[in-house]
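Written below as structure tokens is the structure these notes are about.
The values are calculated or read from the model by the stated rules, or taken from the named source; none is laboratory data. Since the structure is predicted, the reported quantities are computational estimates derived from the model, not experimental observations. Ideal geometry is used to build each Cβ from the backbone, glycine not excepted, and the neighbour counts take in all protein chains shown. Side chains included, ligands, DNA and RNA excluded: accessible areas come from the protein's heavy atoms. Shrake-Rupley method; radii C 1.70, N 1.55, O 1.52, S 1.80 Å.
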Amino acid sequence: MEYRTTNEILQQPREWERTLQFFNSPEFNLLGSLESFSSSRWIFIGCGTSYHIALSASFYFRQKLKVESYALPASEIMLHPETILFKPDTIAVGISRSGETTETVEALSYLKENFHVPILSLTGYQNSAMANLSDWSIVLPFVAEESVVMTKSFSILLLSLQLLANLLATQSIPDVLVQMPAQGQAILANCPRFAEELVSKNDIRQIVFLAQGALYGIAAEAMLKAQEMSLTPAYAYHTLEYRHGPKSLLEEGYVVVNLASRTGRELEAKVLQELRDIGGKIVVVGEPGSEVNADLHCQLPANIPDEERLILYAPVIQLLALNIALHKGLNPDNPRHLTQVVRL
Ligand code: F1P
């Protein structure tokens, strides 16, 4: 049976090409307005998958623009606005596939009305509530997808923020990001087999995703995909954090997926060896050389810096969750209890 979710996962390299074209076209005309914020404090706001985009994007902005930047679930601003003391010279970025998520819209409205914070939004829908309240909107119609869970929208919105950061920092797009569509196609040539092998050879009762740096947002998204699509108990931690207690959950055959970084390779390998010694099934997704201590390795292209490699993990983690779901006889297009848009 063909699933909408599968098709949208496999479309990602093509959609990344469209994203690059958008930022290279006159359609993207916000640089003049936004470049004055190149040294401002950037706060990224979203829910669920969109919050995970915020996690990776905030780390990336700190690296690229050397600015103060952080990610918040929108509900935190709704419920504890008094703790969000916005210093002047702050810009808030709303991230939302639909542009209609209640917490995100209400959080941004609060910031605008009470602190006069300038608002940039990224969404798939021009006339959404979030776009309509924003000072500037980056609207990518091809973010819209039929799948309930976010798949291609995750990587398109994250890539968009990477491109924006580079345009603000250097007024140009690095070739490493221009190559993403081609790199994505190469990964799609082998990662379906990797996902099928992992699922067919392991009874995945629980799964944990580990990563550091900008990759932690990807690990959190991998966790959510496994939960949403396959109803599998899944967790995400910063790799070294896992040793501070959560590893007590590790049982024989427990699948540990490390989204490997080059920066942390030596320390990550030590953690993986420790987890392997206590029975973990170690899976590594990363560039050549990251397969140390792995029982199974999904190889990503070489010579790409950690923070530029972010979206290449997306098809891998999404296809993994999809394969677990199919193996359990679940329909990924119809995830239990979920809707495309979450309104309170
Ligand atoms: C995001 C979201 C996802 C969730 C599900 C429903 O909404 O809540 O995080 O996984 O797919 O939508 P949005 O604000 O990005 O539209």
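Taking the stretch 91-117 as the range and being open to solvent by 10 Å² or more (accessible area, probe 1.4 Å), under 24 Å from the mean Cα position of the chain (by Cα) and under 22 Å from LEU30 (Cα atoms) as the test, the residues that pass are ARG97, SER98, VAL105. ILE173 falls short on exactly one of the conditions (1) assigned to a helix (DSSP H, G or I); (2) open to solvent by 10 Å² or more (accessible area, probe 1.4 Å); (3) β-branched (Val, Ile, Thr), and that condition is (1). For LEU157, the conditions (1) under 21 Å from TRP42 (Cα atoms); (2) within 12 Å of the ligand (Cβ to nearest atom); (3) open to solvent by 10 Å² or more (accessible area, probe 1.4 Å) are fulfilled apart from (3).
Each row is one residue, and each column tells you yes or no for (1) open to solvent by 10 Å² or more (accessible area, probe 1.4 Å); (2) more than 23 Å from PRO233 (Cα to Cα); (3) within 12 Å of the ligand (Cβ to nearest atom).
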residue	(1), (2), (3)
ASN303	yes, yes, no
GLU308	no, yes, no
ALA314	no, no, no
ASN323	yes, no, no
ASN331	yes, no, no
GLN340	yes, no, yes
LEU344	yes, yes, yes
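Do we find that ARG193 is assigned to a loop (DSSP other than H, G, I, E, B) and open to solvent by 10 Å² or more (accessible area, probe 1.4 Å) in this structure? No; evaluated as a whole, the condition is false for this residue.
Annotation: GLU291 fulfils all but one of (1) open to solvent by less than 50 Å² (accessible area, probe 1.4 Å); (2) more than 20 Å from MET150 (Cα to Cα); the unmet one is (1). Among the residues of the stretch 268-291, is any free of Cβ contacts under 8 Å to residues at least 40 places away in the same chain, touching a helix residue (DSSP H, G or I) at 6+ places or on another chain (Cβ under 8 Å), farther than 23 Å from PHE61 by Cα and in a helix (DSSP H, G or I)? Yes, the conditions are met somewhere in the stretch 268-291. Just a yes or no: is a residue in the stretch 271-279 of a type in the set (Val, Ile, Thr), open to solvent by 50 Å² or more (accessible area, probe 1.4 Å) and under 22 Å from the mean Cα position of the chain (by Cα)? Within the stretch 271-279, not a single residue is of a type in the set (Val, Ile, Thr), open to solvent by 50 Å² or more (accessible area, probe 1.4 Å) and under 22 Å from the mean Cα position of the chain (by Cα). Checking each residue in the stretch 227-244 for being among the aliphatic types (A, V, I, L, M) and either surrounded by fewer than 18 Cβ atoms within 10 Å (Cβ to Cβ) or closer than 15 Å to GLY217 by Cα (or both) picks out LEU231, ALA234, ALA236, LEU240. Per the conditions (1) open to solvent by less than 40 Å² (accessible area, probe 1.4 Å); (2) more than 22 Å from the chain's Cα centre (by Cα); (3) of a type in the set (Val, Ile, Thr), the sole criterion not satisfied by THR49 is (2).
For the stretch 71-86, the condition of being more than 15 Å from the ligand (Cβ to nearest atom) and in contact with a strand residue (DSSP E or B) (Cβ under 7 Å, 6 or more places away or on another chain) holds for none of the residues. Taking SER248, is it part of a helix (DSSP H, G or I), surrounded by fewer than 24 Cβ atoms within 10 Å (Cβ to Cβ) and of a type in the set (Ser, Thr, Tyr)? The answer is yes for SER248.
Okay, residues lined up against (1) within 16 Å of the ligand (Cβ to nearest atom); (2) out of contact with any Ser or Thr (no Cβ under 6 Å at 6 or more places or on another chain):
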site: GLU196; (1), (2): no, yes
site: SER230; (1), (2): yes, yes
site: VAL255; (1), (2): no, yes
site: ALA260; (1), (2): no, no
site: THR263; (1), (2): no, yes
site: VAL271; (1), (2): no, no
